[in-house]
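Some notes on the structure that comes next.
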Amino acid sequence: MTDLVADARSLVPPGKGLLAADESVHTATTRLASYGIPSTAETRRLFRNLFLETLGVEEYLSGVILFEETLGQEGEDRELFPRSLAERGIAPGIKADLGTEPFPSNEEELITNGLIGLPERLQEYKKQGARFTKWRAVIRIDGDRLPTAAAIHENAKRLASYAKEVQMAGMVPILEPEVLLDGKHSRSRSRAVIEETMGTLFSTLEEQAVDRAGVILKTAMALSGNESGRKDTPEEVAEDTVAALMESVPRQIAGVVFLSGGQNPDEATANLAAITKRAEQVKAPWPMTFSYARALQEEALAAWGGKEENVEKARAVFLERLHKVAEAVRY
Ligand code: 5MM
């Protein structure tokens, strides 16, 4: 096994997962604003500090995906966040894409930027302690109209070029083609789009000679759209999500991690537990775990509200949710 394959597998050990703390400044500002907290470099540092310096997270986290700004910031102990995570056995990772823009061939869809200058940025991230990276593409569903094959293909090409660069730089790539929850679509449409997206992604990775054994896939679950008026049961979500992945994801990859995508924390936890169970029943070939941002952070952010006196309480809330989510992958 090459070092990179071993590194990738070390991110998905039994019973642990990833915290996605890689919100860009724009997204972090929106999150903080919803709790009445202004967004400055210092309040964003306190926001990261709340989660990253919670005692005991190492019991549940194999890694944390960080945003560029956070790589150079310090926690309460005046130690840089990547160093303090690594000292606790948690791998620091980095969001390597530079966000999305409208797809020129169809401006209702998005493509992800960040390939220009990527090799240089990766060298810098590595110097700052990053061990793995993530790139997010966004796939929007609208009836049978969207996504277009062209948008899926362009995003897959960029994900593959990103993965190749990251492997050449000696780091692990996490590929996140997120099929959005937004819309009126059915769960079966979500399942079909996940299958199509992953099918295109993995054939493009093969064309570009990416070492598939060294990549991790970050995916959405197969869910009815959030404007469909339908709530899926965890068993329905599990059946369609695992079936979609079994159809389209090669067995060699190092692991599959899930995003929460706007599900509330309880839904994201229950759906993950059902997926773990289903994956075991059908003998899915990959380790599976969580890589949540909102479903892990939401309750703690509400308890914190930006106030120093609430830090302890908010950390207890965060640990409680982390414990439940980790239990969901300990079938
Ligand atoms: C889909 O977003 C990723 C997972 O988060 P959820 O569990 O909340 O769905 C997340 O890692 C995302 O890629 C980052 O928050 C960065 O987002 P932006 O929009 O700032 O690029």
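The values are calculated or read from the model by the stated rules, or taken from the named source; none is laboratory data. Keep in mind that what you see is a predicted model, and the values were worked out from it rather than measured. Neighbour counts are summed over all protein chains in view; Cβ atoms, including those assigned to glycine, are modelled from backbone coordinates with ideal geometry.
Between residues in the stretch 136-153 that are without any contact (Cβ under 8 Å) to a residue 60 or more places away in the chain and residues that are of a type in the set (A, V, I, L, M, F, W, C) and not in a strand (DSSP E or B), which pairs lie under 7 Å by C-beta distance while being six or more apart or on different chains?
So the pair list comes out as A137/L159; V138/L180; I139/I152; I139/L180; I139/V193; R140/L180; P147/I141; P147/V193.
Under 9 Å by Cβ, and 6 or more places apart or on different chains, what pairs join a residue from the stretch 286-308 that is crowded, with 19+ Cβ neighbours inside 10 Å with one that is aromatic (F, W, Y) and assigned to a strand (DSSP E or B)?
Within 9 Å, the pairs are M288/F258; T289/F258; F290/F258; S291/F258; Y292/F258; L296/F290.
Would you say G75 is within 19 Å of V25 (Cα to Cα), in contact (Cβ under 8 Å) with a residue 40 or more places away in the chain and out of contact with any Cys (no Cβ under 6 Å at 6 or more places or on another chain)? Steps first, please.
Working: within 19 Å of V25 (Cα to Cα): yes; in contact (Cβ under 8 Å) with a residue 40 or more places away in the chain: no; out of contact with any Cys (no Cβ under 6 Å at 6 or more places or on another chain): yes.
So G75 fails the test.
Go over the candidates E299, E327 one by one and state the one that is of a type in the set (D, E, K, R), more than 15 Å from the ligand (Cβ to nearest atom) and not in a strand (DSSP E or B). Full working, then the answer.
On the way: E299 fails: more than 15 Å from the ligand (Cβ to nearest atom).
From the options E299, E327, the qualifying one is E327.
How about the stretch 26-41: which of its residues are in contact with a helix residue (DSSP H, G or I) (Cβ under 9 Å, 6 or more places away or on another chain) and among the hydroxyl-bearing types (S, T, Y)?
The answer is T29, S34, Y35, S39.
Would the stretch 197-207 turn up any residue that is more than 16 Å from the ligand (Cβ to nearest atom) and not in a helix (DSSP H, G or I)?
Within the stretch 197-207 (the criterion being more than 16 Å from the ligand (Cβ to nearest atom) and not in a helix (DSSP H, G or I)), the answer is no, since none of the residues qualifies.
Taking the stated definitions as given, is P38 within 19 Å of A303 (Cβ to Cβ) and either modelled with pLDDT of 95 or more or part of a helix (DSSP H, G or I) (or both)?
Answer is yes for this residue.
For the stretch 178-190: of the residues being within 20 Å of the chain's Cα centre (by Cα) and buried (at least 24 other Cβ atoms within 10 Å of the Cβ), which is farthest from the ligand (Cβ to nearest atom)?
S190
How many residues does the stretch 50-70 contain that are assigned to a helix (DSSP H, G or I) and crowded, with 18+ Cβ neighbours inside 10 Å?
6
Which ones in the stretch 2-43 are within 20 Å of the chain's Cα centre (by Cα), farther than 23 Å from A295 by Cβ and among the charged types (D, E, K, R)?
D7, R9 - these are the residues of the stretch 2-43 that are within 20 Å of the chain's Cα centre (by Cα), farther than 23 Å from A295 by Cβ and among the charged types (D, E, K, R).
Looking at the stretch 105-146, which of the residues that are more than 16 Å from the ligand (Cβ to nearest atom) and among the hydrophobic types (A, V, I, L, M, F, W, C) is surrounded by the fewest Cβ atoms within 10 Å (Cβ to Cβ)?
In this case the residue turns out to be I116.
Residues being buried (at least 21 other Cβ atoms within 10 Å of the Cβ) and over 16 Å from E195 (Cβ atoms): count how many of those fall in the stretch 233-254.
Result for the stretch 233-254: 1.
Within the stretch 268-292, which residues are assigned to a loop (DSSP other than H, G, I, E, B) and out of contact with any Lys or Arg (no Cβ under 9 Å at 6 or more places or on another chain)?
V282, K283
Looking only at residues that are more than 16 Å from the ligand (Cβ to nearest atom) and not aliphatic (A, V, I, L, M) in the stretch 20-42, which one is surrounded by the fewest Cβ atoms within 10 Å (Cβ to Cβ)?
G36
What single numbered condition from (1) more than 14 Å from the ligand (Cβ to nearest atom); (2) farther than 22 Å from S188 by Cβ; (3) touching a residue at least 40 places away in the same chain (Cβ under 8 Å) fails to hold for R251?
(3)
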